[in-house]
1. Among the residues of the range 45-53, is any part of a loop (DSSP other than H, G, I, E, B), exposed (fewer than 12 other Cβ atoms within 10 Å of the Cβ) and of a type in the set (Gly, Ala, Ser)?
2. May I ask you to list the residues in the range 90-134 that are of a type in the set (D, E, K, R), in the same structural domain as SER47 (by TED's automatic domain parsing) and touching a residue at least 60 places away in the same chain (Cβ under 8 Å)?
3. Looking at the range 11-26 only, could you name the residues that are surrounded by fewer than 14 Cβ atoms within 10 Å (Cβ to Cβ) and free of Cβ contacts under 8 Å to residues at least 40 places away in the same chain?
4. Filter the range 23-44 for residues that are of a type outside the set (Val, Ile, Thr), outside any loop (DSSP other than H, G, I, E, B) and under 11 Å from the mean Cα position of the chain (by Cα) and give the result.
5. In the range 69-79, is there at least one residue being within 30 Å of VAL147 (Cα to Cα) and not in a strand (DSSP E or B)?
6. Kindly provide the set of residues from the range 1-58 that are within 21 Å of LEU89 (Cβ to Cβ) and of a type in the set (Gly, Ala, Ser), ordered by number.
7. Of the residues SER70, SER59, SER83, only one is more than 20 Å from the chain's Cα centre (by Cα), among the hydroxyl-bearing types (Ser, Thr, Tyr) and surrounded by 11 or more Cβ atoms within 10 Å (Cβ to Cβ); which?
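The values are calculated or read from the model by the stated rules, or taken from the named source; none is laboratory data. Since this is a predicted model, take the numbers as computed values, not measurements. Here the Cβ is made from the backbone with ideal geometry for all residues, glycine too, and neighbour counts use every protein chain on show.
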Amino acid sequence: MQRTYSRDEYLGKIEMMRHAKRPIAITTDIIVGFPGETEADFEETLSLLDEVQYDGLFSFKYSPRPNTPSLAMNDPILEEEKSRRLAILQEKQREIQAARNTALIGQTFEVLVGGKSRRENQWSGYTTSHRVLNFASQAKELLGTYVQVRVTGAGPNSLVGEHAV
């Protein structure tokens, strides 16, 4: 895909970001089944997930796009194989996200409140590291405000908490 950097250079940048002075989340986009991707290439992608431990992942099967150099490339990877690789990648990432989110239980985050649930006293928002946090609060109007929320539970896609008044 004509990357202009090596794996080691990329991992060096990830390491630098991990030492940020505030909580951050590292996400990426991954395309599986790009023309010419071998099984060994795919295994390298999976090992990168293990090493980096992304907080989030946007993943897709390769499909030709107009006006891109890959459009002229032969695409020998069968659709079924692309689907298999995507399922493996997404399952591995779900496990990583669940573990990373579980590690946040007990911590308190500043949350920008963006929504109110239909359920009474339930709100949702985003932490400063852009994690979804659904939480309980007795406050009547929080929409658009910043509040402190203590994480009490976690899943692969979001956190659960309580308004830390």
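1. Pass one, the range 45-53, residues part of a loop (DSSP other than H, G, I, E, B): 53.
With exposed (fewer than 12 other Cβ atoms within 10 Å of the Cβ) added as a condition, the list becomes none.
The answer is no; no qualifying residue exists.
2. Answer for the range 90-134, where residues must be of a type in the set (D, E, K, R), in the same structural domain as SER47 (by TED's automatic domain parsing) and touching a residue at least 60 places away in the same chain (Cβ under 8 Å): ARG94, GLU95.
3. Scanning the range 11-26 gives GLY12, LYS13, GLU15, MET16, MET17, ARG18, HIS19, ALA20, LYS21.
4. Taking the range 23-44 and keeping what is of a type outside the set (Val, Ile, Thr), we get 23, 25, 29, 33-37, 39-44.
Subsequent filtering for residues that are outside any loop (DSSP other than H, G, I, E, B) retains 29, 39-44.
The one that is of a type outside the set (Val, Ile, Thr), outside any loop (DSSP other than H, G, I, E, B) and under 11 Å from the mean Cα position of the chain (by Cα): ASP29.
5. No, the conditions are met nowhere in the range 69-79.
6. ALA25, GLY33, GLY36, ALA40, SER47, GLY56
7. Going through SER70, SER59, SER83 in turn, just one is more than 20 Å from the chain's Cα centre (by Cα), among the hydroxyl-bearing types (Ser, Thr, Tyr) and surrounded by 11 or more Cβ atoms within 10 Å (Cβ to Cβ): SER70.
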